[in-house]
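Here is the structure we will look at, set down as structure tokens.
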Amino acid sequence: MRLFLQVDINDWQKRAYDQPLTRLASSLASDVVAADLDNRSEPPVVNLVLKLVDQSSSIFVLINSEPDQPIGPSVAMFNRLLTEPDKVFQVVLMGTNAMVEKLIVPLQSKVVRVSDREAAKATLLNFAHHH
């Protein structure tokens, strides 16, 4: 199983509930599971994502972030990814957040910065077609 994980570190009041890339990811390949997490996720959601990370052979992480937003409960997911860096296929960073950037330093060789959803979609398509 491969995992597409969208992590939103932004103002929850401005966040769109529609997750088009999450929907797209799960439709691209039969072995891709999509999940999302944000800086206000409840513990059961975080625990489910951690289980998916454990069960996945390859993980694509899309981080949608804004400056000065706390990372909240998603820190547990970042910590888990850092314990299994070989599973991380790519980390796509859309936006900036100092704490997120500090946490992903060990994964720097796998980090790609994009400026918009179309660029993020292109990297996702590459993941889906990579076996």
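The values are calculated or read from the model by the stated rules, or taken from the named source; none is laboratory data. None of these values were measured; they are calculated from a predicted model. Virtual Cβ from ideal backbone geometry, glycine too; neighbours counted across all protein chains shown.
The helices (runs of 4 or more DSSP H) located wholly in the range 1-115 that include 3 or more residues which are of a type outside the set (D, E) and modelled with pLDDT under 90 occupy 20-28. Taken together, D54, D86 contain a single residue that is closer than 12 Å to L3 by Cα and of a type in the set (D, E), which is D54.
The residue of the range 66-112 that is surrounded by the fewest Cβ atoms within 10 Å (Cβ to Cβ), among those that are under 18 Å from R40 (Cα atoms) and among the acidic types (D, E), is D68.
Considering the conditions (1) under 26 Å from H129 (Cβ atoms); (2) without any contact (Cβ under 8 Å) to a residue 40 or more places away in the chain; (3) buried (at least 19 other Cβ atoms within 10 Å of the Cβ), D38 is excluded by exactly one of them, (1).
From the list R2, R40, R23, which one is among the basic types (K, R) and over 22 Å from K121 (Cα atoms)? Only one candidate passes the filter, namely R40. Within the range 81-99, residues that are within 16 Å of V112 (Cα to Cα) have Cβ atoms under 7 Å from residues that are of a type in the set (D, E) and surrounded by 14 or more Cβ atoms within 10 Å (Cβ to Cβ) in these pairs: G95/E66; N97/E66, counting only partners at least 6 apart in sequence or on another chain. Consider the range 43-65 and keep the residues that are surrounded by fewer than 15 Cβ atoms within 10 Å (Cβ to Cβ) and in contact (Cβ under 8 Å) with a residue 12 or more places away in the chain. The one that is farthest from the chain's Cα centre (by Cα) is P43.
So, in the range 66-80, of the ones that are among the charged types (D, E, K, R) and over 13 Å from the mean Cα position of the chain (by Cα), which residue ends up farthest from R117 (Cα to Cα)? That would be D68.
Within the range 43-84, being among the charged types (D, E, K, R) and closer than 21 Å to R23 by Cα holds for one residue alone: K51. Could you say whether any residue in the range 24-32 is of a type in the set (A, V, I, L, M, F, W, C) and closer than 23 Å to N97 by Cα? Taking every residue of the range 24-32 in turn, none turns out to be of a type in the set (A, V, I, L, M, F, W, C) and closer than 23 Å to N97 by Cα.
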